1. Looking for something outside any loop (DSSP other than H, G, I, E, B) and touching a residue at least 60 places away in the same chain (Cβ under 8 Å) - is there at least one such residue anywhere in region 72-89?
2. For residues that are part of a strand (DSSP E or B) and of a type in the set (Val, Ile, Thr), scanning just region 300-333, find the one that is modelled with the highest pLDDT.
3. Among the numbered conditions (1) within 26 Å of the chain's Cα centre (by Cα); (2) among the polar types (S, T, N, Q); (3) farther than 23 Å from Ser222 by Cα, tell me where Thr194 comes up short.
4. Would you call Pro224 modelled with pLDDT under 95, in a loop (DSSP other than H, G, I, E, B) and buried (at least 16 other Cβ atoms within 10 Å of the Cβ)?
5. Out of Leu25, Leu42, Leu55, report the one residue that is in the same structural domain as Leu184 (by TED's automatic domain parsing), touching a residue at least 60 places away in the same chain (Cβ under 8 Å), closer than 18 Å to Asp107 by Cβ and among the aliphatic types (A, V, I, L, M).
6. Just checking, which of Val424, Val405 is part of a loop (DSSP other than H, G, I, E, B), over 30 Å from Cys17 (Cα atoms), modelled with pLDDT of 75 or more and among the hydrophobic types (A, V, I, L, M, F, W, C)?
7. Of the numbered conditions (1) part of a helix (DSSP H, G or I); (2) at pLDDT 95 or above; (3) buried (at least 17 other Cβ atoms within 10 Å of the Cβ), Ala56 fails exactly one; give the number of that condition.
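The values are calculated or read from the model by the stated rules, or taken from the named source; none is laboratory data. Note that this is a predicted model, so its numbers are computed, not measured. In this analysis, Cβ positions are derived from the backbone assuming ideal geometry, glycine residues included, and neighbour counts consider all displayed protein chains.
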Amino acid sequence: MGVTNSNKLINTDRIPCGGTLRVTLALTAAPDIISNPTDIVLILDRSGSMIGAPLAAMKLGAKTFIDIIDEATDSSKDGQIGSGSRIGVVSFSNTAVADTQLITSVDTLKAAVDSLSAGGSTNHADAFSKGMQLFDPASSNAKVMIMFTDGNTTTGAPPAPVAAAARAQGIIIYCIGLIGSDGLDINALNNWATDPDASHVAVTPDAADLEALFAELAANISKPGATDIVINEVVNSNFIITSILSPTKGSATMLDAHSLRWNIPQLGVTASESATLDFFIRHIGQQPGTELVNQSITYSDQEGNVVLFPEPAVSVECDIVVYPEQCPEPVELAVTGCRDSVVVDLGDVSLESQGRIIQMDVTIRNVCPGKRVALAAILTEVDRDGMEYQRGMKAMTIPAHNFPVCRDVLVKCIKFVVPEDLSVSGGAMCTPRKFKARFLANNIDTDYRCCESEITL
């Protein structure tokens, strides 16, 4: 069968500047279909959301799949599925029907696909049930289901238990998802498919991609398992690789801060196998925006499998950081000549009493471009009876930013020094003290314009 699926996933779609991502590479491979006859059921969604271009793209993809299996099973595009393998077609909307049994006639299979018309709701449970009924429990053929759908379950029983029953019978389930007009629950597809999810589920928002997804799956199903696999990953220049976990198969090596290599001696040569590699990357750029995770990724093996990995992207959000309080001016010292020590008198520092430093950060929401903000911080201390006592107030001007949209502004290091001799806790030194902090923020700049006037003489 060759490489039957490949995937690349990230654990989140949103990180801050300097944030970290976990990246997962996944592969599945299985033995040659000629020496390992396989019964394949195509389960095709014909619900109402498939009307038009999605239905046409699905039909093209399914027929391309059939053609590739036809040629792969007997090295000839002769209109017959060979070497003991068979294909069946199930379609579904409100309910599911077996459009063919498991057969070898390519013309009959294509005619069944061409006859499909869209309409109605989406009953995934019945689709899985009808698909299971096509398999002969007494057959020694490998059993594969390919579920294609463009939407969420809208009628019928919950599909997850039915899919689980199919997997328990040794049926390998792949899911191809098209994100249709009503959305698509990718977690549901992951739940239905054979584990690991990353190598048994492929999803696209573009119907034009369906033929390629069906073709890649058919081409890889028909090839032998892969040997001498080499995967070279180069991450985007705004990321660095921080660590690599041990892969489930083979070995992985970090080549430099931006690249790694994954070697797998063999995968899926005697039975269907999956392999995953997890590694961590950290964002090192300074600008917000949507960033592609990988700059490039290449795959090669001895069998010539064609393997394409997705290109996940992450939204990077960089807060605006303002430090309103400057650090104290340092005193400059110099050690000249061959002297190995220096003594400098920096004057006197008087310790008036024990004190504590309270440091606070605050985020001002939705500060629009070109607008300065007046920010006030008020600190009070609370005694045992709930009475508040003033301990300090600071007012500061937050400079305007020039981002094109309104942004949050993080104001850091607002410090208050609170002497111990002002404590109202009633206890000894180091007794816990209760404080309350309040913030007030107002725009200083407005769109107010003076009325223009004319002086007529």
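1. Yes.
2. Val314
3. Every condition holds for Thr194 apart from (3).
4. Answer is yes for this residue.
5. Only one candidate passes the filter, namely Leu42.
6. Residue meeting the stated conditions: Val424.
7. Of (1) part of a helix (DSSP H, G or I); (2) at pLDDT 95 or above; (3) buried (at least 17 other Cβ atoms within 10 Å of the Cβ), only one is false for Ala56: (3).
Here is a yes/no grid of residues against (1) modelled with pLDDT under 95; (2) outside the structural domain of Leu217 (by TED's automatic domain parsing); (3) closer than 14 Å to Leu25 by Cα; (4) of a type outside the set (Gly, Ala, Ser):
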| position | (1), (2), (3), (4) |
| --- | --- |
| Arg261 | no, no, yes, yes |
| Leu267 | yes, no, no, yes |
| Ala271 | yes, no, no, no |
| Phe279 | no, no, yes, yes |
| Gly285 | yes, no, no, no |
